[in-house]
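Asker: Sharing a structure with you now.
Just so you know, all these numbers are worked out from the coordinates, no wet-lab data involved. Given the structure is predicted, the values throughout are model-derived calculations rather than measurements. When we count neighbours, we look across all protein chains shown, and the Cβ atoms used for this are built from the backbone with ideal geometry, even at glycine.
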Amino acid sequence: MLFGMSDTPQRLPLGPGPSPVPPRVLQAIAKPTVGHLDPICLEVMDGVRTKLRTAFKTKNEMTLAVSGTGSAGMECALVNLIEPGDSVLICTNGYFGERMAEIASRCQCDLHRLDVEWGEPILQDQVLAEAKRVNAKVVGIVHGETSTGIHNPIKDLGHKVHELGALLLVDCVATLGGMEVDTDAWGLDAVYSGSQKCLSAPPGLAPMTVSPRAIEKLEARKTKVQSWYLDLTEVKHYWGEDRFYHHTAPVNMLYALDEALNIVLEEGVDSRVQRHTDMHLLLKAGLDAMGLKYASPEGYHMTCVNAVRVPEGADDLKVRKAFMSDYGIEIGAGLGKFKGKAWRFGLMGHGAQRRNVALILAALDDLLKR
Ligand code: PLP
């Protein structure tokens, strides 16, 4: 069935993203479109940069929103940090680590992979030992591996990776604004996210921050960045004081991200993280009581995406379809190796609310009984 603009049904997206967008953000996106040199646009871009620094917990000058979804952030971080010939270590334990390795494989680097079983965490000592062995110049890892609901601990990794002479690149697409991300204290060199997850704006922008250490490497490159569109040496003039035209600013998306960040800052980054933890624990208690098992081991669960194994005897597709048809709720299916084996319940950003926890549990109880 096709829907016209006016009769698009209201869904409740409680999967791994996009998350529900608050009305204030939807109103912001409907503001008049202006050109990229209009003082209104300049002010919004400056505001977005400042607010993103608070969200990322960084003083990095190079903090901006890449035009494109989270994958554009991933590609941007990789093509700028990796120079052809570099030894690069990409850590994988899920679908998005695989994507990182796929992009890195196109960067003419000496690619090494640390492949950990899907559903198992990547541990810091494994990463450091492998980075040392291959003399890595860049190490890439996903913080919250949305495909399996695993939280890969990265807190102590950055400074140790630096001691080995490498840079640390981290995917926080699903975690920024929902789980603790402390860019400067943790020594992260390139961190990117997505507007549509715990920040609760629509999809279309990839917030990103890059450390001075990484900028130094970028500026010392002997070769051009392989992507013109994502070349940060160009993009910085566009976001910086010179305001050179590089590409047409997705201005209405910037309004949306700006307003979403206002909401993040009003709540406070740490309080927001705590709210995600609280809602995760509430949902987990209910799922445990129903006998459902998480796909990740205890102590390594993402709080914003709860991936559980489809229980014996339940029909994966039927349950997900009924969530949508009977409750208007979108939940996530398993991805890649977890296809047909997991359900993913997202409590992200504006979606991380007590009433949504109650809805998921009630609907699941009803559907499993049926
Ligand atoms: N990385 C992670 C951890 C993700 O969860 C996603 C999307 O789900 C991506 C990267 C890719 O982002 P996008 O789909 O916005 O391009």
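Asker: Mind listing the phi-derived Karplus ³J(HN,Hα) values for the range 226-240, rounded to whole Hz, using 6.51, -1.76 and 1.60 with θ = phi - 60°, and x for any glycine or proline?
Answerer: Going residue by residue, I get 5, 9, 5, 5, 9, 6, 5, 5, 8, 4, 5, 6, 7, 8, x Hz, with x marking Gly and Pro.
Asker: Further question on the same structure: Can you list the trypsin sites (Lys or Arg not before Pro) in the range 35-86 that are in a DSSP coil and have 15 or fewer other beta carbons within 10 angstrom?
Answerer: In loop regions of the range 35-86 (DSSP not H, G, I, E or B), the sparsely surrounded trypsin sites (Lys or Arg not before Pro) are 59.
Asker: Among the listed pairs 284/339; 132/339; 137/337, which are separated by more than 28 Å between their Cα atoms?
Answerer: Flagged as over cut-off: 132/339; 137/337.
Asker: Still on this model: When a/c is below 1.5 the answer is rounded, else prolate if a/b is larger than b/c, else oblate, so apply that to the range 257-367 with a ≥ b ≥ c taken from the square roots of the Cα gyration tensor eigenvalues.
Answerer: Since a/c reaches 1.5 and a/b is larger than b/c, the shape of the range 257-367 is classed as prolate.
Asker: Over the chain, what is the mean sequence separation of C-alpha contacts under 8 Å (at least six apart), divided by residue count, expressed as relative contact order in percent?
Answerer: Dividing the mean separation by the residue count of the chain yields 24 percent.
Asker: Can you list the lysines whose alpha carbon sits under 23 Å from that of residue 51, skipping same-chain ones fewer than 8 residues off?
Answerer: Once the sequence-local lysines are set aside, what remains near residue 51 is 31, 59, 155, 197, 236.
Asker: Let me ask another. May I ask you to order 108-120, 341-353, 179-191, 283-295 by the average number of other C-beta atoms within 10 Å around their residues, highest value first?
Answerer: 341-353, 179-191, 108-120, 283-295
Asker: Read phi for every residue in the range 21-35 and hand back ³J(HN,Hα) as whole Hz from Karplus 6.51 cos²θ - 1.76 cosθ + 1.60, θ = phi - 60°, with x for Gly and Pro.
Answerer: Coupling constants for the range 21-35: 9, x, x, 4, 6, 5, 5, 5, 5, 8, 6, x, 6, 10, x Hz.
Asker: Just report the Cα centroid separation between the range 123-153 and the range 39-93, whole Å.
Answerer: 19
Asker: May I ask what percent, to the nearest 5, of DSSP beta bridges between residues of the range 87-199 are antiparallel?
Answerer: Beta bridges within the range 87-199, antiparallel portion: roughly 10 percent.
Asker: While we're on this one: So for each of 129-137, 256-264 I average, over its residues, the number of other beta carbons within 10 Å; can you give me the resulting order with the highest mean first?
Answerer: In descending order of packing, they fall as 256-264, 129-137.
Asker: What are the residues whose amide H is under 5 Å from the amide H of residue 240, where those residues sit 5 or more places off or on another chain and H is modelled from the backbone?
Answerer: For residue 240, whose amide H was placed from the backbone, there are no distant partners under 5 Å.
Asker: Further question: Give the aspartates and glutamates reachable from residue 57 as a straight Cα distance under 13 Å; neighbours fewer than 8 places away on the same chain don't count.
Answerer: 180, 182, 184, 189, 270
Asker: While we're on this one: Name the residues whose placed amide hydrogens come within less than 5 Å of the amide hydrogen of residue 142, ignoring near sequence neighbours (fewer than 5 apart) on the same chain.
Answerer: Excluding prolines and chain starts, which carry no amide H, the hits are 171.
Asker: Moving to a separate point now. Report the local net charge at residue 118: Lys and Arg +1, Asp and Glu -1, summed over other residues whose C-beta lies under 13 Å from its C-beta.
Answerer: -1
Asker: Can you bin the range 66-201 into rounded, prolate or oblate? Criterion: square roots of the alpha carbon gyration tensor eigenvalues sorted a ≥ b ≥ c, rounded for a/c under 1.5, prolate for a/b above b/c, oblate for the rest.
Answerer: Note, shape of the range 66-201 comes out rounded.
Asker: What does the charge count around residue 142 come to, taking other residues whose C-beta lies under 10 Å from its C-beta (Lys +1, Arg +1, Asp -1, Glu -1)?
Answerer: -2
Asker: Need one word for the range 219-301: rounded, prolate or oblate. Basis is the Cα gyration tensor (sqrt eigenvalues a ≥ b ≥ c); a/c below 1.5 gives rounded, then a/b vs b/c decides.
Answerer: Verdict is prolate for the range 219-301.
Asker: So what is the calculated 222 nm ellipticity per residue for the chain, using -39500 (n - 2.57) for each DSSP H run with n of 4 or more, over all residues, to the nearest 500 deg cm²/dmol?
Answerer: After summing the helix terms and dividing by residue count, I get -12500 deg cm²/dmol.
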